[in-house]
Amino acid sequence: MTGTGGDAPAGTRTEGAARAAAVPPELGAVARQTPERIRDAAALVTRGRVFPLNWDLGLPDPPILGRGRHVHTRIDLGNGFDDRLDSFYPQGSSQWDGLAHVRGPDGTYHGGHLAADIETAAGPLGIEHWARRGIAGRFVLADLVRHGRHGGDCSRRVAYTAADVTAALAAQRVDLRPGDILLLHFGWTRWYEGLDRAAREALAAEGFFASPGLAVDPETRQWLRGLELSAVAADCPAVEVMPFDMDGPDTFLHHTLIAELGLAVGELFDLAALADDCARDGVHEGLLTAAPLNLAGAAGSTANALAMK
């Protein structure tokens, strides 16, 4: 996601501090991934199946949402090769949005921090705090292709409410627990792979195009607050529905997800193979691990995520 929240007015440190006092601000909700919860998640791995959730770094192509295309150069060493990446956007493909990615409507970042607090590489909200700790916990996949309203057609703006996601989880006979990582399968990456070149170029040129995602309404916000998740990730470009409705005072769900709740937010995760497997065996939970880039001060990272069952 691009930093749309950057248009928020300047705020005060006290307003934001009250919002996020429940968890350590440098980790955000990832702090809910306690040793006990990670151990319990590891016990869910019974088949030894591993599902990489990382899409091709070259997709989407053309890039979307203001990102650019990286250039990969192979360097001949004589006895082997090295690589160099130029114009590399860590949030260009499967990605984590970090805590410095979006500020809230009051102008403060998670934990009440102001822009001046996070402008240096040694700031309190850089992605390196997650990298040095690691992301690990129980995932629960909500299959909104098989138990949703859009049928995998990701060309339309379909807003999924809290009730929609809860109904899908109930149909799958799986519940959410504090500290969980919620995976939302809309089928976007598989749908995109089926587009021809002309359709991809039209999508990129459109900017904030239509896409299914979470609804932006008070009920969905309150539901997210009550779940006490550590992370939420989806295979669509923004987790929330697009295009955004930025006319109201707070119509951007990233304000709640990141600035308020401090969640690790994953976008463009490649969930197709995992969702297929969950549909086959009826098990929609397991262990998810991720190692974000240890890049001081960064606002995001490649996903580097694995799901295990």
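The values are calculated or read from the model by the stated rules, or taken from the named source; none is laboratory data. None of these values were measured; they are calculated from a predicted model. Counting neighbours? That spans all protein chains shown, and the Cβs are built from the backbone with ideal geometry, glycine included. Just the protein is used for accessible areas: all its heavy atoms, side chains included, with ligands, DNA and RNA removed. Shrake-Rupley method; radii C 1.70, N 1.55, O 1.52, S 1.80 Å.
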Relative contact order for the chain, counting Cα pairs under 8 Å that sit 6 or more residues apart, in percent: 31
Around A275: net Lys/Arg minus Asp/Glu count, Cβ-Cβ under 15 Å: -3
Fraction of antiparallel bridges per DSSP, region 167-309 only, in percent to nearest 5: 40
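Explain nothing, just the number: dipole magnitude of region 159-309 about its Cα centre with +1 on each Lys and Arg Cβ and -1 on each Asp and Glu Cβ, in debye rounded to the nearest 20.
Using Cβ point charges on Lys, Arg, Asp and Glu, region 159-309 gives about 360 debye.
Looking at the chain, send over the antiparallel percent of its DSSP beta bridges, to the nearest 5.
That works out to approximately 65 percent antiparallel.
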Estimated dipole of region 181-255 in Debye, rounded to 20 [Cβ of Lys and Arg +1, of Asp and Glu -1, Cα centre]: 220
Residue (of L184, A115, W130) at the positive-pole extreme of region 105-188, dipole from beta-carbon charges: L184
Other-chain or far-sequence residues with amide H under 5 Å of F139's (modelled H): I181, G286, L287, L288
Inter-probe distance in nm under a simple model that places probes 7 Å from Cα toward Cβ, at D61 and D276: 2.1
Cβ-placed point charges (K, R +1; D, E -1), dipole of the chain about Cα centre in debye, nearest 20: 720
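Count the net charge of all other residues whose Cβ sits under 14 Å from the Cβ of P62, scoring Lys and Arg as +1 and Asp and Glu as -1. Walk me through the intermediate numbers first.
On the way: positive: R67, R69, R197, R200; negative: D56, D61, D196, E201, E206.
Neighbour charge sum, excluding P62 itself: -1.
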For region 151-236: accessible area per residue (Å², 1.4 Å): 41
